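Peer 1: Sharing a structure below in structure tokens format, with a few things to ask.
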Amino acid sequence: MAVMHITKSNFETEVMQSEKLVLVDFWAAWCGPCQMLLPIIDEVAEEAGNVKVCKVNVDEEPELAAQYNVMTIPTLVLIKNGAVLKTTTGVRPKTEILKMLNI
């Protein structure tokens, strides 16, 4: 499944009301570590069919970043049924992200 880009307008429907586990990557185009994480997130999205993988650009959606207390990017937030299960910051290897998803 491809990575879905999230904005304020589709966040409620795509993330909070999702029946699937949702991995949200808070990132920015100017962030070097975010760019390093990009191909890993794309691979996770392809391999983790039971998880919806989404990206939130913190420059375009500062309210969403503030709502999840994102102070450092990249930040990965795992959400199920509207509740935050786990949060990590910084670049993580694919194996660690997959483990976070219990795959």
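The values are calculated or read from the model by the stated rules, or taken from the named source; none is laboratory data. In this text, all values refer to a predicted model and were calculated from it rather than measured experimentally. All Cβ positions, even for glycine, are placed from backbone atoms using ideal geometry, and neighbour counts span all protein chains on display. For accessibility, only protein heavy atoms count, side chains too; no ligands or nucleic acids. Shrake-Rupley method; radii C 1.70, N 1.55, O 1.52, S 1.80 Å.
Peer 1: Based on a Kirkwood Rh over C-alpha pairs, give the Stokes-Einstein translational diffusion coefficient of the chain at 10 °C and viscosity 1.306 mPa s in µm²/s.
Peer 2: Calculated translational D: 119 µm²/s.
Peer 1: Among the Cys residues of the chain, which have no other cysteine Cβ under 4.7 angstrom away?
Peer 2: Cys54
Peer 1: Leaving out ligands, DNA and RNA, what percent of the accessible area of the chain is carbon and sulfur, probe 1.4 Å? Could you put the intermediate results ahead of the total?
Peer 2: Details: 2970 of 5420 Å².
Ligands and nucleic acids excluded, carbon and sulfur give 55 percent.
Peer 1: Counting pairs of alpha carbon atoms under 8 Å apart in space and at least six apart in sequence, what relative contact order in percent does region 1-63 give?
Peer 2: Details: 77 pairs, mean separation 34.9, N = 63.
Rounded, it is 55 percent for region 1-63.
Peer 1: Related question: Can you compute the helix-only [θ] at 222 nm over the chain? Use -39500 (n - 2.57) per DSSP H run of at least 4 residues, normalise by all residues, nearest 500 deg cm²/dmol.
Peer 2: Calculated at 222 nm, the ellipticity per residue is -8500 deg cm²/dmol.
Peer 1: Another question about this same structure. Using 7 Å Cα-to-Cβ label points, what is the Thr95/Met16 separation (nm, one decimal)?
Peer 2: Calculated label separation equals 3.8 nm.
Peer 1: So, in nm, how far is label Gln35 from label Glu47 when the simple model puts each one 7 Å beyond its Cα toward the Cβ?
Peer 2: Between Gln35 and Glu47, the simple spin-label model gives 2.4 nm.
Peer 1: If you roll a 1.4 Å probe over the heavy atoms of the protein chains, what accessible area per residue do you get for the chain, in Å²? Could the numbers behind the result be given before it?
Peer 2: Details: 5420 Å² over 103 residues.
I get 53 Å² per residue for the chain.
Peer 1: Using modelled amide H (1.01 Å from N, peptide plane; none on Pro or chain starts), what sits under 5 Å from the amide H of Leu21, excluding residues fewer than 5 places away?
Peer 2: Residues meeting the amide H criterion: Lys52.
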